[in-house]
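> The structure that follows is given in the form of structure tokens.
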Amino acid sequence: MINQDPPATSGDQVVNAVLSATKQLGLSHKQMVSRAYHDSLFMAQIAPAGMIFIPCRNGWSHRPDEFSSAADIENGVKTLALTLAELAGSAGPDKTEL
């Protein structure tokens, strides 16, 4: 058996913030399930979590020949920044849940 831990469910608010960011940037998106041991598998047990993936040549990642273009990396950084900005604006004294 490769993985005995149950999959983590991404937080709806996190997913919605990522989707909002991609729409603001005019980027295409694809919702995916990851069974890899990413930190979010464990962080989702204590806080809302989600992940942003960027395109890699041939779909290969976590390999020595992994490659993403500068433009794809830039789009990933912009998506992350807008996502964090939206999530940061959603919490405060009158909004206790993320």
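The values are calculated or read from the model by the stated rules, or taken from the named source; none is laboratory data. These numbers were taken from a predicted model, which means no experiment stands behind them. Every residue, glycine as well, gets a Cβ built from its backbone with ideal geometry; the counts of neighbours run over all protein chains shown.
> Could you list, in sequence order, all residues of the stretch 31-66 that are aromatic (Phe, Trp, Tyr) and in a loop (DSSP other than H, G, I, E, B)?
37, 53, 60
> How many residues are under 22 Å from residue 25 (Cα atoms), loosely packed, with under 12 Cβ neighbours inside 10 Å and among the charged types (D, E, K, R) when one looks only at the stretch 35-73?
Summing the residues that are under 22 Å from residue 25 (Cα atoms), loosely packed, with under 12 Cβ neighbours inside 10 Å and among the charged types (D, E, K, R) in the stretch 35-73 gives 0.
> Checking residue 28 against (1) of a type in the set (Gly, Ala, Ser); (2) in a helix (DSSP H, G or I); (3) at pLDDT 90 or above, which test does it fail?
Checking residue 28 against (1) of a type in the set (Gly, Ala, Ser); (2) in a helix (DSSP H, G or I); (3) at pLDDT 90 or above, the one that fails is (2).
> Please pick out the residue among 87, 19 that is out of contact with any strand residue (DSSP E or B) (no Cβ under 9 Å at 6 or more places or on another chain), touching a residue at least 24 places away in the same chain (Cβ under 8 Å) and surrounded by 12 or more Cβ atoms within 10 Å (Cβ to Cβ).
87
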